[in-house]
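I have placed the structure first, in the form of structure tokens, so that the comments after it can refer back to it.
The values are calculated or read from the model by the stated rules, or taken from the named source; none is laboratory data. The structure presented is a predicted model; accordingly, all values stated were derived computationally and were not measured. We place every Cβ from the backbone using ideal geometry, glycine too, and count neighbours over all the protein chains shown.
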Amino acid sequence: MPMPALQFPEFSQPTRLQLLQGPQWRALGAPVWIKREDERDGLLGGNKWCKLMGHLQAARAAGYTQLLSAGGAWSNHLHALAVAGARYGFSTTGLVRGNPCQTPMIADAIAAGMEIRFVPRESYRERHHADWLQRLTDLPQAWWIPEGGAGPEADVGLQQLAAELEAQTDGDVLLAVPVGTGTTFAGLVKALPPRFSVWGFQVFHDANLCKRLTPVLASARAGWQLWPTVSMRQHRTLSPELSAISEQLQAEEGMRLDTVYGVRLMAVLPQRLAQHYCLPATVVILHTGGLQGLRGHQFLRAA
Ligand SMILES: Cc1ncc(COP(=O)(O)O)c(C=O)c1O
């Protein structure tokens, strides 16, 4: 008998829009809001959950009981997958890049029931090869979720997020989103109507991302643009400038952002907006969660 389709109560209510109060935002002349996706769920907040829900549905529909994915030792994605798998009745395996190590993320994932396998960096680098998984021995028969929760299944949750944004706003909207693989950005651009313009802020230096996204977004109705941030290549450590922005956000807005994506976006956005010739009626920033990674602060400072 087929298993019943999954329902996700986490998506029964929209997450709130919080108006930013800091002087750098108020000076812009258009209200700047932040969509608190981090508040979607105590453990499953941020864009990770949006990207995962379609994978869970597809895995259930295809009869899989195990989920398999990959990431780093601080991966927000593996953290969310471990929690989501436990909550929705899947076993999970995480392929973690590098030598065996312990991080709070790995400890949480194991506590949630995830099996962790470490994959040496030389092998992990080949992960985009078609037969990479076949080369790793003794893997379970599992639904494969590409690194970061990418793949067409990610669009399911991102369409729900887009529908919330549409219902919560009027008129022209500029939506600012941090970009890693570009899955969240592309899914939102594809799902939003023409009154939205989506700015993606690239955290990693990837000169080909724009080229890869252009055909994917060819028939999108929303506008889109990619911008660089304070790239990870320039600042592998958490610089004093980024630390100060993080502290300022906490003091002015009562809010934390993750330091890999969110704070890097915030470091460049006010200036980008100030330089823009004509701001739309509303600016919305997507809070993509990842706050579990803040426990790596010491590590970032020391790296
Ligand atoms: C906190 C946070 N923000 C943004 C992103 C970037 O998302 P994407 O890889 O979909 O571009 C990630 C990665 O999933 C993330 O963990």
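Data overview
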{"read-out": "Qualifying residue in segment 120-138 (condition: touching a Gly at 6+ places or on another chain (Cβ under 7 Å) and not aromatic (F, W, Y))", "value": "yes"}
{"read-out": "Cβ-Cβ under 7 Å pairs, at least 6 apart or on other chains, segment 117-136 side assigned by TED's automatic domain parsing to the domain that holds M105, far side part of a helix (DSSP H, G or I) and surrounded by 10 or more Cβ atoms within 10 Å (Cβ to Cβ)", "value": "E126/W132; R127/E147"}
{"read-out": "Failed item, numbered, when C278 is tested on (1) more than 15 Å from the ligand (Cβ to nearest atom); (2) within 20 Å of the chain's Cα centre (by Cα); (3) hydrophobic (A, V, I, L, M, F, W, C)", "value": "(2)"}
{"read-out": "Members of segment 134-164 that are away from the ligand (no atom under 16 Å from the Cβ), surrounded by 15 or more Cβ atoms within 10 Å (Cβ to Cβ) and within 20 Å of P14 (Cβ to Cβ)", "value": "E164"}
{"read-out": "Number of positions in segment 163-184 that are in contact with a Phe, Trp or Tyr (Cβ under 8 Å, 6 or more places away or on another chain) and more than 22 Å from C278 (Cβ to Cβ)", "value": "3"}
{"read-out": "Elements of type strands (runs of 3 or more DSSP E) contained in segment 1-103, each with 2 or more residues being surrounded by 16 or more Cβ atoms within 10 Å (Cβ to Cβ) and within 16 Å of the ligand (Cβ to nearest atom)", "value": "32-36, 66-71, 91-97"}
{"read-out": "Restricting segment 169-216 to residues that are among the aliphatic types (A, V, I, L, M) and assigned to a loop (DSSP other than H, G, I, E, B), the residue that is modelled with the highest pLDDT", "value": "L192"}
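Let's see how each residue does on (1) in the same structural domain as P193 (by TED's automatic domain parsing); (2) within 19 Å of the chain's Cα centre (by Cα); (3) assigned to a strand (DSSP E or B):
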{"site": "A220", "(1), (2), (3)": "yes, no, no"}
{"site": "T259", "(1), (2), (3)": "yes, yes, no"}
{"site": "V263", "(1), (2), (3)": "yes, yes, no"}
{"site": "I285", "(1), (2), (3)": "yes, yes, yes"}
